[in-house]
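Since the structure comes first, as structure tokens, the remarks are kept for the end.
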Amino acid sequence: MSKSKKTTAQINLLDPQYYFSRELSWLEFNNRVLHEAIDPRTPLLERLKFMAIFSSNLDEFFMVRVAGLKQQVEANVSKLPPDGRTPSEQLDLISQRLRPMVIQQHQHFEQALRPLLAREGIHLLDYVDLSQEQRTYLQNYFEEQIFPVLTPLAVDPSHPFPYISNLSLNLAVVVKDPETGEEFFARVKVPKVLPRFVSFPEELRQRHKDRPAIWTGVPLEQVIGHNLESLFPGMNIQEYHTFRITRNADLAVEEDEADDLLQAIEQELRKRRLGGSTVRIEVQATTPDTVRKMLRRELGLKEKDVYLVEGLLGLGDLMSLMELPLPALKDPEWTPVVPARLRRIAEPDGEPFELKLEEGEDFFAAMRASDLLIHNPYHSFAATVQRFITYAAYDPKVLAIKMTLYRTSGDSPILHALIAAAANGKQVAVIVELKARFDEENNINWARKLEQAGVHVVYGLVGLKTHTKVALVVRREEDCIRRYVHIGTGNYNSKTARIYTDVGLLSCREELGADLTDLFNYLTGYSRQRSYRKLLLAPVNMRDRFIALIDREIEHCRNGATGRIVAKMNALVDQTLIAKLYEASRAGVKIDLIVRGMCSLRPGVEGASENIRVISIIGRFLEHSRIFYFDNGGEEEVYIGSADWMPRNLDRRVEAIAPVEDPEIAKDLQEILGIMLSDNRQAWDLQPDGRYIQRHPSDDSPEQSTQKILMEMALQ
């Protein structure tokens, strides 16, 4: 059969052969993170950072995804994912793919990074390599700082096996009674309240080029392990081995049965602190079988749940070394810039702030002039989004502020501004998503503070997470009541805005303001509104609207024109949209997908996805923006918003995608997409077999790094 006949032949686009496992795809994403730790082009301390991120990512993967698969196995779940694999098959494949990655991670850290660090004057030592003076110092440090915090727990007929908390680092200690010769097992928890790495004073650091090293330290667990006699006086210490466990940490809240959602989530958080069932144990490779079997038995684990580690456990703690004042070993410092249009705006100052509008153009006048594109972290979050809310809080003409909050920083300037706005007599309504995973406690604390300040706080809708990133400001002006909006892809979080790439739109377009008014009424009251003027809203109309946009490109191709789609997102796993993209590819639509993480779509498959390319970009900033481009026969359309193409985003979350109607901003977003598609430094190409291959510049081509180029453009 000819290629053209294969392309038009009827095939089942829902066949599992056309879909990658979302779990295995996520592991490939984390493998790309690990590669940044291995790549010699990455500055040394940044390599440590990526090593730590790889470990932290895996912790969350086990706490949520692996835990969920184990629950599916126990519940005999029969519904299969698009790739057709059962939960048991998924778990087996995860284990097979992950173990070589974990081995590679630890080998690279021990054999490559530790020597490189030592060469730069950063010495992470093992206790056995210490001098007598260093040991004496640590013995005193142990007695004064560590010993009072420790609680050894015996395991025998009168002492049951202790509860091991989630992500805790522990010592499995074997002691012998010298009088009876009997051996006993004990557990000592390495306290999280102390630094993971104990540093030496300058006079006890290793020598480096005839001067004290920049930093010398030793792992806390080794300090404890070599001073166990103090914990077990009169006993002979036979051996000790470190181990670390991971538990199910996903919350299970029956929202429709909860009288008070805040209290229900607080109760679940108390359970999480203890943790659910154990899903993984990491142990030193030198741990004898007898100790491993005992730990497995007591924790209810199987052999496939055990991960043997050569070297240090819990490499996520390496992130602390990023605090060392060594700029030469880090990425060049980046200071976000203020967009040119906002540089003339007068700053509110004083306590409380006072608006000095006479000193320059006010923020709202800048928004009335035309829409503004915000691109973090290239643009300053403080000078744009944060400034927008702060102005609104203190401007006497502002009547109301409404916002959604999914994740925010611990000491959020935006939330302080909202509290000030309420104190200034404005109507302030905030939808706080209490179910934002691993940020629930922070959000509960802020919800209480906001309520105490007089802010109207809503916890969202039953059965749905409010994930959308929108703000609405209502202002009385000379001739009318005007609405100003922010619609973005990222959280209202000043800390993550420095390391996540996100785009946002500041606008006073009437239809967007009217849509956000309807959206907030949907979130705070009773509404079954299905029609919105501009917004694509999940779970109301977003899936259907995206399908219609893809169908339109298909129709252009069938009518002899060209079809073109470029979509940037964090994850692509929705089977319905993937099948629609396959249909578009078969019709001749050229599709480029920029997907940072999970991607279940299989590109480059003859007869299904020959016209689809998928790349992933990994760099110093976490790619987080969602941008969607449709050629539309030359009448180009660009959209931005909060939703990935996943069932949870389209069906189980409140999400908003907005069209970008300012032609200059639309061109700017197309330029950003074009830079990413041309990247030959940070981009990885997804292959039909699921592998990713990193791009490298050819000998006669300059290096084109997306994030470096965008930083240079911001400065210009």
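Residues that are touching a helix residue (DSSP H, G or I) at 6+ places or on another chain (Cβ under 8 Å), charged (D, E, K, R) and either under 20 Å from residue 685 (Cα atoms) or modelled with pLDDT under 95 (or both) within the stretch 29-58 comprise 36, 39, listed in sequence order.
The C-beta contact set for the stretch 71-91 (first residue within 10 Å of residue 23 (Cβ to Cβ), second residue at pLDDT 90 or above and acidic (Asp, Glu), distance under 6 angstrom, 6+ apart or interchain) comprises 90/23. Checking the conditions here, which among 563, 504 is at pLDDT 95 or above, over 30 Å from residue 378 (Cα atoms), in contact with a Lys or Arg (Cβ under 9 Å, 6 or more places away or on another chain) and of a type in the set (Gly, Ala, Ser)? When all the criteria are applied, what remains is 563. Suppose the filter is in a helix (DSSP H, G or I), more than 18 Å from residue 198 (Cα to Cα), at pLDDT 95 or above and more than 24 Å from the chain's Cα centre (by Cα); does residue 112 pass it? So residue 112 fits the description; yes. Filtered by the rule that a residue be out of contact with any helix residue (DSSP H, G or I) (no Cβ under 9 Å at 6 or more places or on another chain) and either on the phi > 0 side of the Ramachandran plot or surrounded by fewer than 21 Cβ atoms within 10 Å (Cβ to Cβ) (or both), the stretch 488-508 gives 495, 496, 498, 499, 500.
So, restricting to strands (runs of 3 or more DSSP E) that lie completely within the stretch 589-667, which ones have at least 2 residues that are of a type in the set (Gly, Ala, Ser) and in the same structural domain as residue 577 (by TED's automatic domain parsing)? Per the criteria, 653-659. Taken together, the residues in the stretch 73-99 that are surrounded by fewer than 17 Cβ atoms within 10 Å (Cβ to Cβ) and under 23 Å from residue 282 (Cβ atoms) amount to 9. Could you check how many residues of the stretch 554-581 are surrounded by fewer than 24 Cβ atoms within 10 Å (Cβ to Cβ) and assigned to a helix (DSSP H, G or I)? Residues that pass the stated criteria total 10. Taking the stretch 299-333, which residues are touching a residue at least 60 places away in the same chain (Cβ under 8 Å) and either part of a loop (DSSP other than H, G, I, E, B) or charged (D, E, K, R) (or both)? Once the filter is applied, which keeps residues that are touching a residue at least 60 places away in the same chain (Cβ under 8 Å) and either part of a loop (DSSP other than H, G, I, E, B) or charged (D, E, K, R) (or both), the stretch 299-333 yields 304, 310, 311, 312, 313, 314, 317, 324, 326, 330, 331. Just so you know, in the stretch 645-654 the residues that are buried (at least 23 other Cβ atoms within 10 Å of the Cβ) and of a type outside the set (Val, Ile, Thr) include one that is modelled with the lowest pLDDT, and it is 653.
For residue 399, the conditions (1) touching a Leu at 6+ places or on another chain (Cβ under 9 Å); (2) closer than 21 Å to residue 518 by Cα; (3) surrounded by fewer than 18 Cβ atoms within 10 Å (Cβ to Cβ) are fulfilled apart from (1).
For every residue, the table says whether it meets (1) aromatic (Phe, Trp, Tyr); (2) in contact with a strand residue (DSSP E or B) (Cβ under 6 Å, 6 or more places away or on another chain); (3) farther than 18 Å from residue 51 by Cα.
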site: 80; (1), (2), (3): no, no, yes
site: 100; (1), (2), (3): no, no, no
site: 106; (1), (2), (3): no, yes, no
site: 129; (1), (2), (3): no, no, yes
site: 135; (1), (2), (3): no, no, yes
site: 140; (1), (2), (3): no, no, yes
site: 145; (1), (2), (3): no, no, yes
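Residue count for the stretch 688-708 under the criterion of being basic (Lys, Arg) and either free of Cβ contacts under 8 Å to residues at least 40 places away in the same chain or in contact with a strand residue (DSSP E or B) (Cβ under 6 Å, 6 or more places away or on another chain) (or both): the result is 2. Of everything in the stretch 12-32 that is more than 12 Å from residue 601 (Cβ to Cβ) and aromatic (Phe, Trp, Tyr), the residue that is surrounded by the fewest Cβ atoms within 10 Å (Cβ to Cβ) is 26. Note on the stretch 457-482: residues that are out of contact with any Lys or Arg (no Cβ under 6 Å at 6 or more places or on another chain) and modelled with pLDDT of 90 or more total 8. All conditions in (1) touching a residue at least 60 places away in the same chain (Cβ under 8 Å); (2) touching a Leu at 6+ places or on another chain (Cβ under 8 Å) hold for residue 60, with the sole exception of (2). With respect to residue 64, determine if the residue is modelled with pLDDT under 95, touching an Asp or Glu at 6+ places or on another chain (Cβ under 7 Å) and more than 26 Å from residue 581 (Cβ to Cβ). Yes: the conditions hold for residue 64.
When 497, 471 are checked against the criterion of being in contact (Cβ under 8 Å) with a residue 12 or more places away in the chain, over 30 Å from residue 46 (Cα atoms) and small (Gly, Ala, Ser), 471 stands alone in meeting it. The number of residues in the stretch 16-63 being more than 18 Å from the chain's Cα centre (by Cα), in a helix (DSSP H, G or I) and more than 18 Å from residue 323 (Cα to Cα) comes to 4.
The values are calculated or read from the model by the stated rules, or taken from the named source; none is laboratory data. None of the values given here were measured: they were computed from a predicted structure. Positions of Cβ are generated from backbone atoms using ideal geometry, with glycine treated the same way; all protein chains shown enter the neighbour counts.
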